[in-house]
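Data block below; observations after.
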Amino acid sequence: PQANIGVVGMAVMGSNLARNLASREGNTVAIFNRSYEKTQTVLDEHPEAGFVPASNYEEFAASLQKPRAAIIMVQAGRGTDAVIDELVKVFEPGDIIVDGGNALFTDTIRREKAVRETGINFVGAGISGGEEGALNGPSIMPGGSDESWVTLGPILESIAAVAEGEPCVTHVGHDGAGHFVKMIHNGIEYVDMQLIGEAYDLIRRGTGKSPAEIADIFAEWNTGELESYLIEITAEVLRQNDAETGKPLVDVILDAAGAKGTGAWTVQTALDLGIPVSGIAEAVFARSLSSKPAQRAGASSLPGPSTTVSVDDEAAFIEDVRRALYASKIIAYSQGFDAIVAGAEQYGWDIKKGDIAKIWRAGCIIRAQFLNRISDAYEEDSSLVALVLAPYFRDAVEGAQEAWRRVVVHAVQAGIPTPAFSSSLAYYDGIRADRLPAALIQGQRDFFGAHTYKRIDKDGTFHTLWSGDRSEISAVDTH
Ligand code: 6PG
């Protein structure tokens, strides 16, 4: 056996990850694909990689040093289970099977449990950064056992992106913790993208600037506190002209956003955990709304505002949008980290929030300067009750909130949909409120269902005899 790591699945992500592994000192990479043709193509195109090819699972296992370690890079879902079944047959106790796809973390928990019975380690690892990241350095979020991390850690560290000298990989936690954190990453990716989309729409409709001019604005923003990969590529996309029509490409792309499901998973999971990831939810729903052409065509005759609101001071408006974007982004991350905390508690994972922020600093889609501030915040106070309360973020939101409110008012008056901007602001005003109308909701619940309520002035659980004399009685807490 010559290889210290194997990759199963030679589609673009798999072959790029294999090439990345092969390019690092000390690694020899075994490769396998269900059809050998693809393996052959990869071998032909990348002789420099020194791949050790296998034409069946037995050969693949035989080419790997013990404890064997193999990363599965196939379409998430049933394909993953099929590959795991085959690997379990040819691997031995102590070996490591890694799933590098976007698996649902509960599937990872199930798989880990099943594979563990054989004595083999199963590691669900979230890998972010797309095709380019896989090739040059992704951000990696592995779960699984401590035992597997001993072998896997150095290998993953060798291929991960590097942020300020540190590899963007950490042992996130046991079983499904890695895929859970990758899922939250994707949820944040959704809201980041939606917020950028809303900022673009506000500026375009508010100032009439062209996509190329707005590209310059994003490029400028990318030199400040918003500096991030998504802002950077936004400028690139907006600057692109369509070869066929000469129009801005963004004007000829059908405005129906796709989704492969990880954003929806984040929201479904957060609903179960009772965590308001409202920004992510709005981002997912905004994609759903965009992708209903018949409904949108039917609704296009609905009236908008009867008076037009204009932007008097363009520069001031654009600066307001920038600040609103930053404040909304802080809320999005604050909510995302709340979901991580709740997931860790629910599933018994010891997740270090500051370390997650650190491994998101480079390689992944949401990589940004901003993540340094998050890791600083958790380093200073790991028990922060909400990220937005960290001094740096509190100041940032304080400095942005007036602009944020003006932008949301403008959007409402101009009839521009800004679900992510608006819901983030509503969340902000919600968590900082002294009193919420939840008291009234408790009263209603008690009225129609005797669901009981607590009082602000004494302990206990109470019920009002709504259909009787309306006196209050002590009650058993039924929630
Ligand atoms: C990443 C991306 C990656 C993929 C998304 C796209 O971290 O590299 O998140 O996982 O591009 O799954 O998701 P949608 O197709 O749902 O937008």
- Message: Would you confirm, using the coordinates I've provided, whether Ile275 is in contact with a helix residue (DSSP H, G or I) (Cβ under 9 Å, 6 or more places away or on another chain), more than 16 Å from the ligand (Cβ to nearest atom), assigned to a loop (DSSP other than H, G, I, E, B) and of a type in the set (A, V, I, L, M, F, W, C)?
- Response: yes
- Item | So Gly119, is it within 16 Å of the ligand (Cβ to nearest atom) and either buried (at least 19 other Cβ atoms within 10 Å of the Cβ) or on the phi > 0 side of the Ramachandran plot (or both) | no
- Note on the structure: Within segment 437-479, the count of residues that are assigned to a loop (DSSP other than H, G, I, E, B), within 30 Å of Glu282 (Cβ to Cβ), at pLDDT 95 or above and open to solvent by 90 Å² or more (accessible area, probe 1.4 Å) comes to 1
- Query: Hey, any hits in segment 338-360 for a residue that's among the acidic types (Asp, Glu), within 18 Å of Pro276 (Cα to Cα) and touching a residue at least 60 places away in the same chain (Cβ under 8 Å)?
  - Reply: yes
- What residue, of Ala259, Ala324, Ala316, is in a helix (DSSP H, G or I) and either within 26 Å of the chain's Cα centre (by Cα) or at pLDDT below 95 (or both)? Ala324
- Of the conditions (1) closer than 19 Å to Leu195 by Cα; (2) part of a loop (DSSP other than H, G, I, E, B), Ala243 fails just one. Which one is it? (1)
- Check Lys66, Lys113, Lys89 and return the single one that is part of a loop (DSSP other than H, G, I, E, B), in contact (Cβ under 8 Å) with a residue 24 or more places away in the chain and loosely packed, with under 14 Cβ neighbours inside 10 Å. Lys66
- Extreme residue, nearest to Gly343 (Cα to Cα), among residues of segment 252-266 that are within 12 Å of the ligand (Cβ to nearest atom) and β-branched (Val, Ile, Thr): Thr266
- Filtered residue count, segment 366-389, keeping only those that are surrounded by 21 or more Cβ atoms within 10 Å (Cβ to Cβ) and of a type in the set (A, V, I, L, M, F, W, C): 8
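The values are calculated or read from the model by the stated rules, or taken from the named source; none is laboratory data. Here the structure is a predicted model, which means the values were calculated and not measured. Every residue, glycine as well, gets a Cβ built from its backbone with ideal geometry; the counts of neighbours run over all protein chains shown. When the accessible area is computed, the model is the full protein with side chains, heavy atoms only, and any ligands, DNA or RNA have been set aside. Shrake-Rupley method; radii C 1.70, N 1.55, O 1.52, S 1.80 Å.
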